Amino acid sequence: MDFPINKERGYYISCRAEDEFRWKRALDILLILLALPFLIPLILLIALLIRTVSTGPILFRQERVGYRGQRFMCFKFRTMLVDADTALHQGHLQHLMNSNQPMMKMDSKGDPRIIPFGVLLRASGLDELPQLINVLRGDMSLVGPRPCLPYEYERYLPWQKERFSTLPGLTGLWQVSGKNKTTFVEMIQLDIKYAKNRTVWWDLKIILMTFPTLIIQMLEARWVNRASRGVIRPKINYSHGTTNPSAFSKAPIVGAVHAAVQGDEAWIRKETKLNL
């Protein structure tokens, strides 16, 4: 399925006026209005943090591809150095698209382009809060497939472009179904499944599942960061009163949060493999 790319501003064109998207538009605006009293102080705090730790603009703008291949300018909090080299990301993404490996971010390997506290902002999803502007403009929805980059879109196979038959979102089925543990093809399959079966209740369920998923991502990012710096908590052998430097354990809360969402996550991935 090959969609024509429309470079014009697109709130009043294409799907935005279709009946099937009216409920998404209404749900998005309602939830944003309800969350504004909590979001405004958080957004101001993040903006101040970025201004303090790094020189350059607070917001980062990047062209993305959304519904039916339409281009739009996507907003994010800047978490990388100004004029950071994008060739590294393109090479990493191309490798993931051509392999059967999990969609791990470069953050997990220690990306030197990231500013202080940038890893935390990215792992928590807080860097994507400015995309609420895109939601209000009609470029995106709260729930939907991840908006991809133009050079990524050009490499999609025809069947993979079916994921663009709905608005892109801040969160989505892929994000709450393993994300960094899934392959590129699994991500596409999850996005297509959502595009074919989107409902109000599924959107609400995905939004609720996003919060424990983000907690897991933050804990995992913190663990990886501590491990990369060699700051890992040793396991204590209480029977002998000694510390075993070769034995390590994760914080118990990681397992607790995983257990809390494992049922939904496993169910979604099982359904995806059976029904697609």
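The values are calculated or read from the model by the stated rules, or taken from the named source; none is laboratory data. None of the values given here were measured: they were computed from a predicted structure. No Cβ is skipped: glycine too gets one built from the backbone with ideal geometry, and neighbour counts run over all protein chains shown.
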### Query
Among the numbered criteria (1) part of a helix (DSSP H, G or I); (2) among the aliphatic types (A, V, I, L, M); (3) at pLDDT 90 or above, which single criterion is violated by residue 119?
(3)
### Query
Looking at 141, 177, which one is of a type in the set (Gly, Ala, Ser), farther than 25 Å from residue 101 by Cα and surrounded by 18 or more Cβ atoms within 10 Å (Cβ to Cβ)?
141
#### Entry: Meets criteria (out of contact with any helix residue (DSSP H, G or I) (no Cβ under 9 Å at 6 or more places or on another chain) and either assigned to a strand (DSSP E or B) or modelled with pLDDT of 90 or more (or both)) for residue 84
no
### Task
Give the residues of the range 42-66 that are closer than 25 Å to residue 148 by Cβ, over 17 Å from the mean Cα position of the chain (by Cα) and crowded, with 18+ Cβ neighbours inside 10 Å, sorted by residue number.
46, 50
### Odd one out for residue 234 among (1) at pLDDT 65 or above; (2) touching a strand residue (DSSP E or B) at 6+ places or on another chain (Cβ under 6 Å); (3) not polar (S, T, N, Q)
(1)
#### Entry: Subset of the range 151-168 (residues that are touching a residue at least 60 places away in the same chain (Cβ under 8 Å) and in a loop (DSSP other than H, G, I, E, B))
155, 166, 167, 168
#### Entry: Filtered residues of the range 87-108 (kept if assigned to a helix (DSSP H, G or I) and in contact with a helix residue (DSSP H, G or I) (Cβ under 9 Å, 6 or more places away or on another chain))
88, 89, 90, 92, 93, 94, 96, 97, 98, 106, 107, 108
### Query
Does residue 64 meet the test of being in a strand (DSSP E or B), out of contact with any His (no Cβ under 9 Å at 6 or more places or on another chain), among the charged types (D, E, K, R) and over 15 Å from residue 129 (Cβ atoms)?
yes
### Query
Can we say residue 34 is modelled with pLDDT of 95 or more, more than 30 Å from residue 111 (Cα to Cα) and part of a helix (DSSP H, G or I)?
yes
### Query
In the range 74-98, how many are loosely packed, with under 15 Cβ neighbours inside 10 Å and touching a residue at least 40 places away in the same chain (Cβ under 8 Å)?
2
### Task
Please specify each residue of the range 55-73 satisfying the condition of being touching a residue at least 40 places away in the same chain (Cβ under 8 Å), closer than 20 Å to residue 118 by Cβ and of a type in the set (Lys, Arg).
64
### Out of 176, 185, sole residue that is part of a helix (DSSP H, G or I) and among the aliphatic types (A, V, I, L, M)
185
### Task
State whether one or more residues within the range 127-150 are assigned to a loop (DSSP other than H, G, I, E, B), without any contact (Cβ under 8 Å) to a residue 24 or more places away in the chain and not aliphatic (A, V, I, L, M).
no
